[in-house]
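Everything on this sheet refers to the single structure shown next.
The values are calculated or read from the model by the stated rules, or taken from the named source; none is laboratory data. Not measured: the values here are computed from a predicted model. Cβ sites come from the backbone with ideal geometry, for glycine too, and all protein chains shown count toward neighbours. Remember, those area values only see protein heavy atoms, side chains included, never the ligands or the DNA or RNA. Shrake-Rupley method; radii C 1.70, N 1.55, O 1.52, S 1.80 Å.
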Amino acid sequence: MAGPRHHDVLVVGGGNAGISLAAKLRRDGCRDVAVVEPKQVHEYRPLLSYVASGMATLDDLRRPQSEVIPRGVRWHSDAVVGIEPERSLVRLASGKELTYTDLAVCPGSRVDWDAIPGAEEAMGTPAASTSYLPELAPGTWTRLSSLVAGTAVFAISDRHVPCAPVGLKPLFTAADHWRRTGVLDAITIELLVAGDRLVDLPRADDELRAAAESYGVHVRTGTSVESIDASTRSLRVRTPDGPTEVRYDALYLAPPHRAPDWLASSGLTSPASDGFLAVDPWTLQHRDHPTVWGLGDAASVDALPSGGALRKQVPVVAHNIAARRTGATMRRYDGYSIGPVTTSRRRLLLAEFDRDGRPEPTTPVPDLVRPRRSLLLFDRYVEPQVYWHRLLKGKVS
Ligand SMILES: Cc1cc2nc3c(=O)[nH]c(=O)nc-3n(C[C@H](O)[C@H](O)[C@H](O)COP(=O)(O)OP(=O)(O)OC[C@H]3O[C@@H](n4cnc5c(N)ncnc54)[C@H](O)[C@@H]3O)c2cc1C
């Protein structure tokens with residue numbers, strides 16, 4: 001009987017990270033690259049924020065997976081259920097097994113409803129929603145745009161939320177809509193942010209707080225949702241001054257996320273990595289298994305997970321896989337990440353920073369931290385094209 005099929009580089013997950021890396025490896029001359037991905041449809045997830053703002057549809061962000069698999073890359077349409085790094089072996093849901101010389105693990109993260117009792121039930125009601133799940137994003141705008149009076153609560157978790165600052169996009173686009181339609185004064189807007197800042201770049205944080213103030217938003221940092229009671233439309237929240245209750249007529253959550261459970265049972269996590277892949281945050285190489293690499297939302301890299309971060313992580317992993325084999329010097333990922341946030345339905349600011357919160361702008365001029373019309377148009381219309389035609393084609397360096 002034939003043994004498991006072998007691949008030179010095997011990539012787990014065909015999302016933003018996996019497809020960009022597979023394409024980059026092919027461009028760099030790697031002849032045998034395979035991707036394991038169960039979904040038939042690929043999504044450009046940043047547009048979900050615009051779906052939740054009534055500025056895009058789900059059709060705008062979806063393409064058949066078969067169209068994004070890079071030429072020359074083998075697609076295993078299957079799900080990984082376990083990895084045995086000592087045997088360089090990956091087990092699939094179909095029962096098949098694959099072996100590898102190097103393995104890149106990037107299955108992303110998923111919403112962790114268990115972390116907030118009552119949250120999943122609340123999401124089943126018309127009053128509550130999130131942009132973090134495609135099936136709920138359109139309803140977010142339906143609810144927010146139809147509100148004419150009452151309390152709207154927006155809550156941003158600090159537990160592994162992909163590109164967490166974009167959770168503010170539905171708030172600012174809704175507040176702008178309420179102002180334009182003349183109902184803003186009748187709506188109390190509560191923003192509950194678990195972290196200390198709205199975004200990890202002080203100047204951008206100042207801009208966002210000023211925008212929030214202009215709409216009369218009550219900003220509470222260090223405040224997280226502990227549980228939700230959908231029947232009374234109330235949240236139990238923890239604040240720096242102790243627990244309290246907040247009622248809502250409309251609720252938006254940027255919910256906590258967690259890594260796939262099979263990562264921990266494969267022995268690829270550590271107590272410090274909170275269930276995420278335990279890699280060296282600089283080289284993105286696994287701490288105990290040198291032929292295993294991690295990137296994207298599933299990896300513990302001591303930086304805000306985002307698609308923007310992958311622009312820097314993908315070339316690092318592609319280079320370091322080759323460097324491990326030849327003994328060349330490894331490249332390092334400095335924790336670069338981004339937070340593109342709309343401050344209205346017309347303007348957006350772009351925060352770019354490293355893992356220490358130091359600014360790392362792609363271009364110093366113009367000042368991208370100042371909200372601009374051109375930036376919103378770029379984020380909504382040009383970035384998706386860059387994603388499909390450059391990032392997923394491995395055109396990163
Ligand atoms: C609402 C929202 C808005 C966002 N906005 C922005 C933004 O404006 N800018 C920005 O830079 N970033 C943004 N992000 C973050 C960005 O989308 C993610 O950081 C990026 O998609 C991470 O890529 P990834 O490949 O690690 O994970 P994903 O894109 O989630 O891909 C993971 C892939 O792995 C697959 N997979 C899962 N389990 C298995 C398995 N067992 N076996 C095989 N495959 C598996 C999944 O099906 C999926 O295709 C946003 C995210 C969301 C949800």
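Taking a label point 7 Å from the Cα of ARG346 along the Cα→Cβ vector, which residues of segment 168-203 have an amide N closer than 20 Å to it? Counting only backbone N, you get 169-185.
Report, to one decimal in Å, the Kirkwood hydrodynamic radius for segment 113-257 based on all distinct Cα pairs. Final number for the Kirkwood radius of segment 113-257 is 15.1 Å. Taking only protein heavy atoms and a 1.4 Å probe, the accessible area of segment 290-397 is 53% carbon and sulfur.
Normalised Debye scattering of segment 263-324 at q = 0.26, 0.27, 0.28 Å⁻¹ gives log10 I(q)/I(0) of -1.11, -1.17, -1.23, counting only Cα atoms as equal scatterers and leaving out solvent.
Given all pairs of different Cα atoms, what value in angstroms does the Kirkwood hydrodynamic radius of segment 180-235 take? After inverting the mean inverse Cα-Cα distance, the result is 13.0 Å. About its Cα centre, the dipole of the chain is roughly 1440 debye, where the only charges are +1 on Lys and Arg Cβ and -1 on Asp and Glu Cβ.
For the chain, set up a GNM with springs between Cα atoms under 10 Å and report which of VAL161, VAL365, VAL81 has the largest fluctuation. The residue that fluctuates most here is VAL365. For the chain, the equivalent ellipsoid built from the Cα gyration tensor has semi-axes of 37, 22, 19 Å, listed from largest to smallest. Here the sum of -39500 (n - 2.57) over DSSP H runs of 4 or more residues, divided by the residues of the chain, equals -7000 deg cm²/dmol at 222 nm, to the nearest 500. For segment 56-80, backbone nitrogen atoms closer than 19 Å to the point 7 Å from ARG27 Cα along Cα-to-C-beta are found at 67-74.
Report, to one decimal in Å, the Kirkwood hydrodynamic radius for segment 307-397 based on all distinct Cα pairs. Could you put the intermediate results ahead of the total?
Working: mean 1/r = 0.0684 Å⁻¹.
In segment 307-397 this quantity evaluates to 14.6 Å.
The Cα-based radius of gyration of segment 250-380, divided by its Kirkwood radius, gives an Rg/Rh of 1.05. Counted over all Cα-Cα pairs of segment 57-195, pairs farther apart than 17 Å make up 72 percent.
Computing the accessible area with a 1.4 Å probe over protein heavy atoms, can you report the carbon and sulfur percentage for segment 14-164?
The value for segment 14-164 is 49 percent carbon and sulfur by accessible area.
The modelled label-to-label distance between ARG74 and ASP356, using points 7 Å beyond Cα along the C-beta direction, is 4.4 nm.
Computed over the chain with a Gaussian network model linking Cα atoms closer than 10 Å, the most mobile of LEU92, LEU144, LEU295 is LEU92. Scanning residues 5 or more positions from HIS7 or on other chains, those with amide H under 5 Å from its amide H are THR99, TYR100, THR101, with H placed 1.01 Å from N in the peptide plane. Remark: the chain carries 42 Å² of accessible area per residue (probe radius 1.4 Å; ligands, DNA and RNA excluded).
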